[in-house]
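Notes for the one structure printed next.
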Amino acid sequence: MIEIKNLHVKIAETETKILNGLDLTVNAGEVAAIMGPNGSGKSTLSYVMAGKKDYEVTEGDILFNGESILEMKVDERAAAGLFLAFQYPVEIPGVPTMNFLKAAMNAQRKTRGDAEYTTPEFIKRVKEAAGNLGISMDMLKRSLNTGFSGGEKKRAEILQMSLLEPKFCVMDETDSGLDIDALKVVADGVNNLRSPDRGFLIITHYQRLLEHIVPDTVHVLYDGRIIQSGGKELALQLEEHGYADVIANAA
């Protein structure tokens, strides 16, 4: 589903290299976790996949279902089925959450050649999805993420993911700053979306998220490349012993 081949990335208009020949494949139906110390390039990878302009790909490619996405615009990647959950969701004062959701869903459907949702259809879908996540409709009347707690922001983002039904979801440290109750809500939202035709890339520092979202594969990212891969037991090993041994073995 996602194939990243020899990816080299630097910060745009500088010579600061972040990713240095990263290779990674995530198959349909797979939940892959990426772990690694600060500064290893985890968030950069998510931003490059989403199409953020602050970074320049100098070598390599990212294939989504066999097609390169590097020349696609951000909205084209979204319409193709890519979704990025941010570490720190952006607040947009003055834009009601419901308006944002309706615009996003209908823009996606229009790009795919589907009919836009009518207002009754849209409200029905949102109420059902919000109820499953414990989100009140009063919360959705507020401006997007404005004044939301960390947990509310993550719930709203999982709601977006549920409604947009992406084919591949990149979760950039989505557990950052969450208490255990909010963490479980996020994990339940992700687990409910797991399916044979949808893939996930979970970027995290800590094994605690992976207790709730059990990954199929775990990959260690260091100095801009994957230095070790394994099953879910690798996350437990990292939690117990840290990264020093893995880094030393890769040197």
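Tabulated data for the structure shown
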item	result
Meets criteria (farther than 23 Å from VAL186 by Cα, among the basic types (Lys, Arg) and either free of Cβ contacts under 8 Å to residues at least 24 places away in the same chain or surrounded by fewer than 15 Cβ atoms within 10 Å (Cβ to Cβ) (or both)) for LYS102	no
LEU101 being assigned to a strand (DSSP E or B) and either among the hydrophobic types (A, V, I, L, M, F, W, C) or more than 30 Å from GLY147 (Cα to Cα) (or both)	no
Subset of region 219-249 that is part of a helix (DSSP H, G or I) and surrounded by fewer than 14 Cβ atoms within 10 Å (Cβ to Cβ) - its residue that is modelled with the highest pLDDT	GLU233
Residue in region 69-78 that is assigned to a loop (DSSP other than H, G, I, E, B) and closer than 19 Å to LEU193 by Cβ present	no
Qualifying residue in region 79-95 (condition: touching a residue at least 12 places away in the same chain (Cβ under 8 Å), assigned to a helix (DSSP H, G or I) and over 19 Å from GLY199 (Cβ atoms))	no
Single match in THR111, THR118, THR217 (criterion: of a type in the set (Ser, Thr, Tyr) and touching a residue at least 60 places away in the same chain (Cβ under 8 Å))	THR217
Any hit, region 34-48, residues being closer than 30 Å to GLU240 by Cβ, assigned to a strand (DSSP E or B) and touching a residue at least 24 places away in the same chain (Cβ under 8 Å)	yes
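The values are calculated or read from the model by the stated rules, or taken from the named source; none is laboratory data. Every value quoted in this text rests on a predicted model; they were computed, and no experiment measured them. FYI the Cβ positions are ideal-geometry reconstructions off the backbone, even for glycines, and counts take in every protein chain you see.
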